[in-house]
1. If you plug each phi of region 107-123 into the Karplus form 6.51 cos²θ - 1.76 cosθ + 1.60 with θ = phi - 60°, what whole-Hz ³J(HN,Hα) values come out, in order, with x for Gly and Pro?
2. Per residue, how much accessible area does region 42-167 have with a 1.4 Å probe, in Å²?
3. Given a 1.4 Å probe and heavy atoms of the protein chains only, how would you sort ARG148, ARG56, largest accessible area at the top?
4. Of all accessible surface on region 27-130 at a 1.4 Å probe, what whole percent is carbon and sulfur?
5. What list of ³J(HN,Hα) couplings, whole Hz, do you get for region 150-159 from phi and the Karplus terms 6.51, -1.76, 1.60, once you set θ to phi - 60° and write x for glycine and proline?
6. In terms of the Cα gyration tensor, with a ≥ b ≥ c the square roots of its eigenvalues, is region 64-167 rounded because a/c is under 1.5, prolate because a/b exceeds b/c, or oblate?
7. If I model a spin label at GLN21 and THR110 as a point 7 Å from the Cα along the Cα→Cβ vector, what separation in nanometres do I get?
8. Report the number of Lys pairs in region 71-154 whose alpha-carbons are under 17 Å apart, with separation of 8 or more residues or on distinct chains.
Amino acid sequence: MKNLFLYFSLIVGLISCNSNQMTKTEREGDPNLYSTPSDDSEMNEAISNAKNSLNRFGTALGSNKYDTSTFALKVKFPTKTGAEHIWATSITIKNGEYFGVVDNLPDLTTKVKYGDKIKLVKEDITDWMFSDNGILQGGYTIKLIRSRMTKEEKDNFDTEFPFKIEN
């Protein structure tokens, strides 16, 4: 599922610039990295919205109504200069706790590697998503990053991303 999250590795706190400014680092053969300052108010609001609605994700995952291969959680991992947010897929719930597989190639964190099976600490979950009949559910940080793209980047993203994003 690595291609599913092509554009959405996120590093927070690495750049010292004005709030709501984002930088993109392209990595050949791997997902692009988007970096935002830790005081990016829009990104912090997107993360807050995701955290506040995480129960919707859990309910949907447990309902057996959706294709579980589309379920993913974004998790924050510490770095020396802030945090890196990485998607995990193959999500399961056991005794109320989430488990998954690291689905992005980490750039700065040494806490996990691509393909690691990990327990996802709820406090560190910063976004969630799944597809409902091809339409993205959740994906708060994805929607924000997409809104900041140029028209050309959005067009490329919309071609590659497997889910439709409703405005």
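The values are calculated or read from the model by the stated rules, or taken from the named source; none is laboratory data. Small disclaimer: the values here were computed from a predicted structure and weren't measured. Here the Cβ is made from the backbone with ideal geometry for all residues, glycine too, and neighbour counts use every protein chain on show. These accessible areas exclude ligands, DNA and RNA; they are computed on the full protein's heavy atoms, side chains included. Shrake-Rupley method; radii C 1.70, N 1.55, O 1.52, S 1.80 Å.
1. Per-residue couplings from phi come out as 9, 10, 6, 10, 6, 9, 10, 4, x, 5, 8, 9, 8, 9, 6, 3, 5 Hz.
2. Working: 6620 Å² over 126 residues.
For region 42-167, the solvent-accessible area averages 53 Å² per residue.
3. Working: ARG148 55, ARG56 105 Å².
Final ranking, largest accessible area leading: ARG56, ARG148.
4. Details: 2410 of 5140 Å².
About 47 percent, which is the carbon plus sulfur part of the accessible surface.
5. Each residue's phi maps through the Karplus curve to give 5, 4, 4, 4, 4, 4, 5, 4, 4, 6 Hz.
6. Values: a/c = 2.10, a/b = 1.22, b/c = 1.72.
Since a/c reaches 1.5 but b/c is at least a/b, the shape of region 64-167 is classed as oblate.
7. 3.0
8. 20
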